[in-house]
Amino acid sequence: MPFKMNNIHVLLIDLDDTIYPHDSGVWEMIRVRMQKYMLEEMGFPPEEVPALRQRLWKQYGTTLRGLQTEYEVDTEAYLAYVHDVPIETRLSPDPNLARMLANLPQRKFIFTNAHSAHAKRVMCHLGVTDLFEEIIDVQNMAPYCKPQQEAFHKALDLVGAPPEACLLVDDSPDNLTTAESLGIATISIGIHRHDGSPHIESIHDLEMFLG
């Protein structure tokens with residue numbers, strides 16, 4: 001949606017496949033861990049796990065929300081298990097990203113369906129922890145998650161800003177569609193484009209676009 005940058009005071013930036021490149025492989029490692037948890041910890045038949053995980057993700061926004069709704073799952077154990085991946089092998093300090101974020105005058109928040117512990121690890125390895133005011137994670141949004149409208153309302157309440165003062169940067173078209181419907185400005189990023197949103201290939205392009 002068209003927007004004027006002088007009206008934007010808050011940046012809501014997604015984490016996985018947004019603040020780092022899609023081809024880093026981090027999200028793929030997490031996806032594998034999700035399927036292993038469903039197989040090894042919950043006992044689903046191996047031939048059913050991939051399709052079930054995909055359905056739960058599409059239907060509920062995250063695999064976790066689907067498991068919570070349709071099955072009994074230990075939320076904290078699940079989050080710890082699926083995010084137990086060696087991100088240090090895929091991510092390294094990104095001084096250019098840190099400089100770019102530091103140059104942007106808006107308040108900055110990570111807005112993610114992941115767990116805050118995972119977000120902190122990612123931010124630490126990228127070297128951008130101190131550049132974000134807060135992490136809005138799946139627990140902050142409970143019992144909702146992106147792309148549900150209720151999750152966005154919770155995020156807006158947490159940042160204390162109206163939707164028209166916020167900009168969402170996200171790689172998920174579904175999340176961007178919800179944000180747009182609420183009056184939040186949107187930018188799509190990465191390999192998926194979103195009708196009605198300007199698009200950037202990398203988070204490093206954000207300053208040039210906003211400038």
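Every number in this text was worked out from the coordinates using simple rules, so none of it is lab data. The shown structure was predicted, so the numbers you read here are calculated from the model rather than taken from an experiment. All Cβ positions, even for glycine, are placed from backbone atoms using ideal geometry, and neighbour counts span all protein chains on display.
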Checklist entry - Taking a point 7 angstrom from the Cα of Glu41 along the C-beta vector, which residues in segment 67-99 have backbone N less than 14 Å away? => result 67-68, 72-85
Checklist entry - Bin by bin, in steps of 5 Å, what percent of the Cα pairs in segment 26-87 do you find, going until the bin that has the longest distance? => result 4, 20, 32, 30, 13, 2, 0
Item to check | Shape of segment 151-203, Cα gyration tensor, a/c cut at 1.5 | outcome: prolate
Checklist outcome for this item: The answer for Leu168, listing residues at least 5 apart or on another chain whose modeled amide H is closer than 5 Å to its amide H, is Leu12, Ala185, Thr186, Ile187
Item to check | Chain lengthening between His204 and Ala98 when straightened (0.36 nm per residue, less Cα-Cα) | outcome: 37.2 nm
Checklist entry - Where does the charge balance sit around Phe111 when Lys and Arg score +1, Asp and Glu -1, over other residues with C-beta under 13 Å from its C-beta? => result -4
Next on the checklist: I want the local charge near Phe44. Using Cβ-Cβ distances under 14 Å, sum +1 for each Lys or Arg and -1 for each Asp or Glu among the other residues.
Outcome noted: -3
Checklist entry - Alpha carbon centre of segment 117-166 versus segment 48-116: separation in Å? => result 11 Å
Checklist entry - By average Cβ neighbour count within 10 Å, what is the ranking of 9-15, 95-101 from highest down? => result 9-15, 95-101
Item to check | Pairs of lysine residues in the chain - Cα separation under 20 Å, sequence separation of 8 or more or cross-chain | outcome: 8
Item to check | Label of the coordinate-derived value, P(r) over Cα pairs in 10 Å bins from 0, in percent, listed as (i) 8, 20, 17, 13, 11, 9, 7, 6, 5, 2, 1, 1, 0; (ii) 8, 35, 37, 16, 3, 0; (iii) 9, 34, 34, 17, 6, 1 | outcome: (ii)
Checklist entry - By average Cβ neighbour count within 10 Å, what is the ranking of 51-60, 159-168, 113-122 from highest down? => result 113-122, 159-168, 51-60
Item to check | Average Cα contact separation per residue, segment 26-87, under 8 Å, 6 or more apart, as relative contact order % | outcome: 42 percent
Next on the checklist: Helix-only mean residue ellipticity at 222 nm, the chain, DSSP H runs n ≥ 4 weighted -39,500 (n - 2.57), per residue, nearest 500. What is it?
Outcome noted: -11500 deg cm²/dmol
